[in-house]
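The values are calculated or read from the model by the stated rules, or taken from the named source; none is laboratory data. As the structure is a computational prediction, the values presented were derived from the model and not from experiment. Virtual Cβ from ideal backbone geometry, glycine too; neighbours counted across all protein chains shown. All accessible areas refer to the heavy atoms of the entire protein, side chains included, with ligands and DNA or RNA removed. Shrake-Rupley method; radii C 1.70, N 1.55, O 1.52, S 1.80 Å.
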Amino acid sequence: MTLTRSTIEEKAEEYAEEEPLYPVEQEAIETYPAAFVDGEFGFRDAEWVVQWHYRRFLGAYPDREHREGEARFGENDRAAVREAVVDAANADALDVRIEHLTELRGVDLSVASAFLQFIDPERYVAVDRRTWDALWEAGELDDPYPDSLSVEEYRRFLDTCRAVADEHDADCWTLYRALWRLGSEDR
């Protein structure tokens, strides 16, 4: 499979029509960036990102695993969550953004990437096996999804996403939606 502008547009539109979480995702994409930068959000907004990370798979994560991830996040002090998200939203470097987020219980690199997507959807794409493998199967990444994702591997994924988006005149949010749909076709 080769990624083309028409494929990206078609799959992103299919995502909007078929994915049940799309309406609330779109609202979050429109409202969370400013809210996270300014600190004008409640704990439930941050918690929603964690829930979205697991629940967008609609059953692919065992219930126990996603409940445990969400429960670990719920153990965080509310002020610590606000501080970590605001600090991540206002940091310049990817490593620093990830460091702030992964200091929270229940936030690994994949969950942190979900936060980054909602902090700055024009520059960040949430990473997981499905989106990574869509790029890999398109020949855009050299290796399949790693067993344990590192910051450097996320940076490579992100750089690839940005290059593909630029090449096909798409934004990162549109590319994410296309990759999600493409990643579901072989599963």
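Need one number: nm distance between label points at residue 79 and residue 92, each 7 Å from Cα along Cα→Cβ, rounded to one decimal.
Distance between the two pseudo-spin positions: 2.9 nm.
On full extension of the chain, what length is gained from residue 108 through residue 123, given 0.36 nm per residue of separation minus the C-alpha to C-alpha distance?
Contour length minus the Cα-Cα distance gives 3.5 nm.
Choose one answer from 120, 92, 171: the residue with the largest mean-square fluctuation in a GNM of the chain with alpha-carbon springs under 10 Å.
The residue with the greatest mean-square fluctuation here is 92.
Which angle between 0 and 90 degrees, to the nearest 10, do you get for helix 151-167 versus the longest principal axis of the chain when only C-alpha atoms count?
50
Report, to the nearest 10°, how far helix 172-184 tilts away from the longest principal axis of the Cα atoms in the chain, using its own Cα long axis and a range of 0 to 90°.
70
When the accessible area of the chain is split by element with a 1.4 Å probe, what percent falls to carbon and sulfur?
Accessible surface attributable to carbon and sulfur in the chain totals 43 percent.
Percent of Cα-Cα pairs per 5 Å bin, from 0 to the last occupied bin, for segment 110-187, please list those.
Calculated over all Cα pairs of segment 110-187, the distribution is 3, 17, 30, 29, 16, 4, 0 percent.
Tell me the mean residue ellipticity at 222 nm calculated for the chain from its helices only (DSSP H runs of n ≥ 4, each -39500 (n - 2.57), averaged over every residue, nearest 500).
Helices in the chain give a 222 nm mean residue ellipticity of -21500 deg cm²/dmol.
Residues of segment 122-152 with backbone nitrogen within less than 13 Å of a virtual label 7 Å along the Cα-to-Cβ line of residue 29, please, listed as ranges.
Zone members listed by number: 122-126.
Please give the per residue accessible area of the chain, computed with a probe of 1.4 Å over protein heavy atoms only, in Å².
48
Along the charge dipole of the chain, pointing to its positive end and built from +1/-1 on Cβ of Lys, Arg, Asp and Glu, which listed residue (41, 8, 76) has its Cα farthest out?
76
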